[in-house]
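Encoded as structure tokens, the structure appears first; notes follow it.
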Amino acid sequence: MGTHHNHSHAPSAAEASHAPGMRRRLLIAFGLVASIVVVQLIGAWLSGSLALLVDLVHSFVDSSGLLIAVVAVTLIARPPSNERTWGYRRLESLAALAQGLLLLGVSIYAIIDGIRRWAAPPEVAAGPLLVVAALSLVLNVAAMLALAAGRKASLNMRAAFLEVLVDALGTLAVMVSAILILTTGYTRADTLAAFLIAALIIPRAVILLRDAVRILMDFTPAGLDLDEVRRHMLAVDHVIDVHDLHASTVASGLPTLSAHVVLDDSCFSDGHAIEILDGLRRCIAEDFEVSIEHTTFQLETEDIRRRESRDTVHP
């Protein structure tokens, strides 16, 4: 019986070299979006705007997401340890779960309170609302510019850029509602803006929750068909059976796969086992839409497989 564990947990040279630049851009964006939170908090208190309140929570979630991105970029340069073989990578998923729940809760609150406000529109101080929205939009655009140049460098940076972009669209909606209230006196514009922001937030919240739950529950990575994986592995010469086949995602961009592989007995005496391991590794890394470089294969004889079957039911 043999075991092959492919791919180090340590960061690649490319990841380590890009980390300082990404961290700097993310820190700048975090500072700008955190400033938006403070500005909008004051503005929501002064204006009584539901739309600005919803956008405030959206900005708060975005700022926390950017802070998590900073932490992720920092930790990616750290080597693994015996106590934390995956480091703190799953903190990203725990934070995404909390963010998704917060965004969904705020969106539901906005819809419920918006319905109440529609029936009896409260006064909204449109002047302060417009000033706060304009300032927030300027800060959002500045944050987008800080992230724009590096958004192709990593999924982390691209996600951060999109978060700020969506927040800017929400702030623009608040700004338009303030202009409508100032020019027409139509106070329901604030409620309409809140509905629009909620509509922008809900899909993102659902995606965050879905992706976080998939990772935390160790579901098979999206887009990977384990039946097809099994067929490809069985097509490798001298592979008799594949069982205990599992695939999961440790963190975004880090899918893993493990399996017990039964080989001809002759492979363990004539040196073919190493060649088969290399073939299996290339099969998993290159033949599927989801490229998995972190694989663990346990090689077995048919006799070992039969002994395992007596005690365990395998998928």
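The values are calculated or read from the model by the stated rules, or taken from the named source; none is laboratory data. All values reported here derive from a predicted model rather than from experimental measurement. Here Cβ is always computed from backbone atoms with ideal geometry, including for glycine, and neighbour counts include all displayed protein chains. Protein only, heavy atoms only, side chains kept; ligands, DNA and RNA dropped before computing areas. Shrake-Rupley method; radii C 1.70, N 1.55, O 1.52, S 1.80 Å.
The table below lists the values:
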read-out	value
Charge tally in the Cβ shell below 12 Å around Met175, where Lys, Arg are +1 and Asp, Glu are -1, Met175 excluded	-2
Degrees between helix 188-216 axis and first principal axis of the chain (Cα, 0 to 90, nearest 10)	10 degrees
Rounded to the nearest 20 debye, dipole of the chain from Cβ charges on Lys, Arg, Asp, Glu	1620 debye
Extreme residue, positive dipole direction of the chain, given options Phe297, Phe30, Phe219 (C-beta unit charges)	Phe30
Length-normalised contact order of the range 226-307 in % [C-alpha pairs under 8 Å, at least 6 apart]	31 percent
Mean residue ellipticity (222 nm) of the chain, computed from DSSP H runs ≥ 4 via -39,500 (n - 2.57), nearest 500	-23000 deg cm²/dmol
Pairwise label distance in nanometres, Leu216 with Trp118, each label 7 Å out on the Cα-Cβ vector	3.2 nm
Listed residues Trp86, Trp45 arranged by accessible area, highest first, probe 1.4 Å	Trp45, Trp86
The chain, relative contact order in percent, only Cα pairs under 8 angstrom and at least six apart counted	23 percent
Calculated Rg and Dmax of the range 13-217 using C-alpha coordinates, Å	18.2, 65
Calculated from backbone phi, Karplus (6.51, -1.76, 1.60) coupling profile of the range 231-240 in Hz, x at Gly/Pro	4, 5, 5, 5, 6, 6, 3, 6, 7, 8
Mean Cβ neighbour count within 10 Å, used as a protection proxy, ranking 206-213, 168-175 highest first	168-175, 206-213
Mean accessible surface per residue for the range 226-307, computed with a 1.4 Å probe while every protein chain stays in place, in Å²	46 Å²
Cut-off under 5 Å, modelled amide H: who pairs with Gly87 long-range	Ser81
Portion, in percent, of the accessible area of the chain that falls on carbon or sulfur, probe 1.4 Å	64 percent
